[in-house]
Every structure is written in structure tokens, then in C-alpha cells.
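Peer 1: Submitted below is the structure of interest, expressed as C-alpha cells.
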Amino acid sequence: MVNQDNQGLQENRVFAPPAEFVANAAISGMDAYNKLCAEAAGDYEGFWARLARENLDWHKPFTSTLDESEAPFYKWFADGELNVSYNCLDRNLKNGNAGKTAIIFEADDGKVTRATYQELYEKVCKFANGLKSRGIKKGDRVVIYMPMSIEGVAAMQACARIGATHSVVFGGFSAKSLQERIIDAGAVAVITADEQMRGGKHLPLKTIVDEALALGGCTTMKDVIVYKRTGGNIPFVEGRDTWLHDLVDAQPAECEPEWVGAEHPLFILYTSGSTGTPKGVQHSSGGYLLWAALTMKWTFDLKPNDVFWCTADIGWVTGHTYIAYGPLAVGGTEIVFEGVPTYPNAGRFWETIDKHKVSIFYTAPTAIRSLIKAADVDPKVHPKNYDLSSLRLLGSVGEPINPEAWMWYYKNVGREKCPIVDTFWQTETGGHMITPLPGATPMVPGSCTLPLPGIMTAIVDEAGQDVPNGQGGILVVKRPWPSMIRTIWGNPDRFKTSYFPEELGGRMYLAGDGAIRNKETGYFTITGRIDDVLNVSGHRMGTMEIESALVANPIVAEAAVVGKPDDTTGESICAFVVLKQARPTGEEAKKLALELRNWVAKEIGPIAKPKEIRFGDNLPKTRSGKIMRRLLRVLAKGETITQDVSTLENPAILEQLKEAS
Ligand code: PRX
């Protein structure tokens, strides 16, 4: 530790990686990192071709590495053939890992179930044969709406095995969100469970699928496959619904993988953009898997004896890359966790680390911040009360980690001996982009430090020109990389305009985040989204989606949604609402705010519920009728407006919107 100054971007405490870690790391020391970067800079395609040959098993070797002929629709390893599930399962049986534990499942109630690679292989093969028996085949889309479970991972792997493209929908999304995704993907089947368990509560899944399908329009849908998780009472539709066990139990435990081209879409995952409905981010098979496997080795430095735990849900990209694919592609042992961090108490994470001797722990800053608060309230759940000596590496993902939370994590969870990898990436990037390497990069709290070798990130101005270090700008990636988004499902034009805008020349990937590089070190710090995307507890949401949900309510005339900084969730949702009736106040306002919050939960899902709703007679608008969101952001924060408001049609409204109704 060299300096105590920790004011925001001025943070310059530096933590060197522990010597023992450096000695044994996959990328050991900055020289090794720089050497890989130089290799990529020298022969970009050769670098990626070498890694793809070394890290994946190809059924048919590729001869073309990067095809830019239809840029920005880049193709990687396009004439090569492989199967993702083969690489995650069969390859491990061949490598002597058949008896090794692949998954340790920790249920909500603490019950543990394990699957070896052999068992997981058989489960996936039976599952794949079951899907085939329903006529599901290569190229079909299958929606997965499952709780965290070995079956959830197996469902994804089974789709990959037969070449069906999965689209996992997070179990917290509403019937309407699910229906929209089923329709957009043109899915032929939904794999779900009767119910899910969270914090001791039974939550419905199958009935939400029924509701989604009852909303209509899911014309391609034929099958609903139901995993019996709780045995709760659920209705069955004859001919359409099948129990998973009835479908798979009698199937053979072998299933020849479907060999697919490297560009074959492994999955579509919906995520929020600044405008319109959620975008179906389409990922490839070869390039995606390469990066999932390689980042497990580089960023997480995974070794054969590690027990890896990523606390994300398989409904998010983190759960795809670092639960369903990455750990298995490198023969790791991983925890799949069904529960929540605060049940039965806020010591659950620490207790689980101790129970399973977890060595690599990967979670979100929101979880860390809420556990800091919980430990302040109840010292019994402070991590110091648990044996965390098995830990050797910590990770953070999904949102910026503030230096205070970083320090707490470092001291109290990592006991000052575990490096922290603050991994910056996105649904669209498929895997880590900018992150410290645990055996090389000196760490600075709150900075994701440097890009991984081969990832050509830069900071530019609005004309696409590089800005000097120390000056903030727009984060871009200047060269295509193997695990990048291939297109937006069904909307290639939106792919081009969202990610490769003409203003930046049409060839630079626009991440949608602002960033700044430190003058001396060149380290990156992400300064937040530059578009109308919010990040609440590491979950991504478009302001427009929430506004659309609000105005869909018959009593709402207009709504504007902005993000507000929040100590625990990073950002929270603040909605300014104009009703068709007179502006409510007092108890009436409270009642209607509650009603609207529940309405949004029903329309999108509980994660999209505004934390705060303020009612006004109007919204601040320019004379041309444009809502001035930047003023709303200032009001939401409770700050005084210092900006010029002379272009406002109705400046008096600001006073009314200053405080909650
Ligand atoms: O704003 C960045 C933030 O999360 C966004 C991506 O969200 P999503 O696609 O849901 O993927 C989350 C999991 C990879 C980014 O545009 N973000 C993600 N990781 C970090 C981050 N912001 C700062 N630091 C990070 N480590």
C-alpha cells in the first residue's frame, strides 16, 4: 500500500499481487502480460488462431480465423466445426476428469447435491435425447425459464449438444416479459420448473409460463417441459406439457453431439438498450466458448483443485459464461447456488464458502455492499466469524465497485491475501474485457485496470478520436474479438446503429459506457453508462422500458424515469409521473405510488420496480416538448438545479417535482 488518498478517481492506493500467486499464475507477472499483448499487436489473427487451437477441441479444424468481409458482422473460425457441450463434457471424460465433481449444488435450504463430469454428461445426453424426441433440432430456439439448479445448467448444455439455440429468461421476469421474448425468439419450447425456492419461499414458474402463453402470439411454441423442483401443485395442459423426468428417464445416456459451424448461434440473451424493447444479443459457438474457457484460465487462474463459485443467476450473461460454460470448459469444480445471500441470515455466503472450501469467489458489488450493512447491524454475520481460509481469489462484476466496498472485501473476505479481479464486461462482450490479472496486475481499488491481451479497448471523443489519458470519453473496442455479439436477433440494422455507429466510423464497437484512463498508469476506470440504461444491483434496465410499462397503466398520462445514486444498489429507479387525474398528495399519493410500483413488477418483473415515484402536474419540457431528463436527474438526487433552465417551457414545475409527493 503506497498512498492513502482514496477520493474517487484520485484513488491511488496500489496493491501488488501476492508473490505466491504470481509464482503459480497462468499469466505470471506484467512481463508475461505484456508479451501476450505484443503477440496480439504483432499478428492479431495468428494470436487468436493459436489460442483457439490450444484451448478448444475442433471436430473440423478452421482455416479462416477472422472474416471481415461483411463487417461489422464479423466471423471467427467460420469454417471450423465443433460442439460446445462436447468441449465441456466429453472432453473432460477423455482427460481423466470423469469422476471429478463438476457441480456442487447448494439448495436454498442448504441441501447439497453433487454431479461428477460422468454424471453431468449422462444427464445432458438424456436431456438432449429427450429434446430430440420432441422433434427439437439444430437451429430451433428454446426458452429456458428455470431456477438455479443442475437441471438448469444441463438444459443449456443439452440445447448446445443438439445445436438448438437457447434463450434463458431470468426467473424474476414477468409473464409479459417472458411472452415478448418467446415471440421475438420464435421459440418452439420452454423448459421450466414447477416452482423455485428463494429465501424459504416458494415462487411460481410454471404458472407464469402458462400466463405468458395465455397472453397469445406465441405461435411457434409447441412444448412446455417441466422440471419438478418442489412438487408444488401446478396445472398441466394435456399434449403441451411434459414432466422432465417422464421425458428423459428412459432415454439413452449417450447422445452424439451435433457438430456445428463456429458461427452457429449458441444462445440469444435479451438485454436492455436505451430505446425500444430488449435486444436479443446473439452469441456464437466457437468464439464465445474460446473466451469463456480462456478467461477462466487468465482472469480466474483456475487450477485443477479450485472450487469456483460465481453467485450470478443463469438468467444473466455472467451465469452463462461463468457457470454454464466457462468452468466446465476447463474441467473445473463449481458451486451452483439456488438461494439468496441473506437467507437464513446474511452470513450465508461466508458459511457456504467455508462449507465447500471455495477458493475462487465471484460476486457483485451490490451483494458486498448489502453484506457490509448487514454485518454492521448484526456482528454475528461478519465474515471474520467464518473460516474463509480456502479463498485465494476474489472477483467483482456487473457494476462499478466503490473503493470503500473494495477495501472491505479485500480486508474482511480476502484477509489481505487474495487479489480482487474487478471485471468489466457486458452481455454483448461474452466475457471479461478489462480486468486485473491476479498474478500480474497491481490493483487499484475501483479501477478495472487494463484490457485483457488481444482486447483493443480505447477511449475516444464523439468524433471517434483518441482522447489523452486523464481525459474522460467514450469506451470503444477498436478491433473485433472472438466472443463479441454477432447481431441482434432479427434486427441487424439495430445491431449496426447500436454498436457500430457511423459517427464513430462504423468499425469501432461502442460499449455504451464512459471511461477515463489514469495519466500515469493508463488504468481504466468506468464512469458509468452514457445512454439511458440504468444499472440497479448490477441488473441492466432501459429507462424507456420502465416508462412504457408505466404509461401502459390506464391512470398514467406521462412518465419519465431516471437513475439515482444508491448506497447499496449502485443506482435506484426514480420515476416522475403525470396522472390523467389531478396530482395526488399525501396518503393518496402513497397509495397510487405503491399501485404503480406493483404494476411495473407485473409488467416487467420486480427488479424494475421504481424505488421512488414522484407525481407532478407536468414534466419539465423544452418548448419543442422534449423532456429534460438531466434536470430530473438533479432533482432525483435532491440537489439544487444550477443549470440554465431558460429553454424550459414550464420552469415552475421544477419546484413541484423537487420532493416526493
Ligand atoms: O455499465 C457497465 C456495467 O454493466 C454494464 C453491462 O451490463 P450487463 O450487460 O448486464 O452485464 C453485466 C455483467 C457482465 C456495463 O456496460 N459493468 C459491468 N461490469 C462492470 C461495470 N461497470 C463498472 N465496473 C465493472 N466491473
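The values are calculated or read from the model by the stated rules, or taken from the named source; none is laboratory data. In this text the structure is predicted, and so the values were computed from the model without any measurement. Methodologically, a virtual Cβ is constructed for each residue, glycine included, from the backbone with ideal geometry; neighbour enumeration extends over all protein chains shown. Please note that ligands, DNA and RNA were not included when accessible areas were found on the heavy atoms of the full protein model with its side chains. Shrake-Rupley method; radii C 1.70, N 1.55, O 1.52, S 1.80 Å.
Peer 1: Is one or more of the residues making up the range 611-629 in a helix (DSSP H, G or I) and either closer than 30 Å to E211 by Cβ or free of Cβ contacts under 8 Å to residues at least 40 places away in the same chain (or both)?
Peer 2: Scanning the range 611-629 turns up no residue that is in a helix (DSSP H, G or I) and either closer than 30 Å to E211 by Cβ or free of Cβ contacts under 8 Å to residues at least 40 places away in the same chain (or both).
Peer 1: Scan the range 394-408 and report the pairs whose first residue is open to solvent by less than 20 Å² (accessible area, probe 1.4 Å) and whose second residue is within 12 Å of the ligand (Cβ to nearest atom) and of a type in the set (D, E, K, R), with Cβ atoms within less than 6 Å and a gap of 6+ or a chain change.
Peer 2: These pairs meet every condition: S396/D422; I401/D422.
Peer 1: In the range 67-97, which residues are in contact (Cβ under 8 Å) with a residue 24 or more places away in the chain, open to solvent by 20 Å² or more (accessible area, probe 1.4 Å) and assigned to a loop (DSSP other than H, G, I, E, B)?
Peer 2: E68, A71, F73, A78, D79, N95, N97
Peer 1: Taking V188, is it open to solvent by 30 Å² or more (accessible area, probe 1.4 Å) and either free of Cβ contacts under 8 Å to residues at least 40 places away in the same chain or over 21 Å from the mean Cα position of the chain (by Cα) (or both)?
Peer 2: no
Peer 1: Right, another one. Could you tell me which of the residues K137, K123 is open to solvent by 10 Å² or more (accessible area, probe 1.4 Å) and not in a helix (DSSP H, G or I)?
Peer 2: Selected residue: K137, the only one of K137, K123 that is open to solvent by 10 Å² or more (accessible area, probe 1.4 Å) and not in a helix (DSSP H, G or I).
Peer 1: Is it true that E416 is under 24 Å from T366 (Cα atoms) and open to solvent by 40 Å² or more (accessible area, probe 1.4 Å)?
Peer 2: yes
Peer 1: Taking interchain pairs and intrachain pairs at least six residues apart, which have beta carbon atoms under 7 angstrom, with the first residue in the range 415-433 and over 18 Å from I485 (Cβ atoms) and the second within 8 Å of the ligand (Cβ to nearest atom)?
Peer 2: I420/S396; V421/T435; D422/S396; D422/I401; D422/T435; D422/C448
Quick grid of which residues meet (1) open to solvent by 20 Å² or more (accessible area, probe 1.4 Å); (2) among the hydroxyl-bearing types (S, T, Y); (3) at pLDDT 95 or above:
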{"site": "T220", "(1), (2), (3)": "yes, yes, yes"}
{"site": "V237", "(1), (2), (3)": "yes, no, yes"}
{"site": "W243", "(1), (2), (3)": "yes, no, yes"}
{"site": "A262", "(1), (2), (3)": "no, no, yes"}
{"site": "S284", "(1), (2), (3)": "no, yes, yes"}
{"site": "G287", "(1), (2), (3)": "no, no, yes"}
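Peer 1: Would you mind listing the strands (runs of 3 or more DSSP E) fully within the range 236-325 where at least 2 residues are free of Cβ contacts under 8 Å to residues at least 40 places away in the same chain and away from the ligand (no atom under 16 Å from the Cβ)?
Peer 2: Filter on the range 236-325 gives 241-243.
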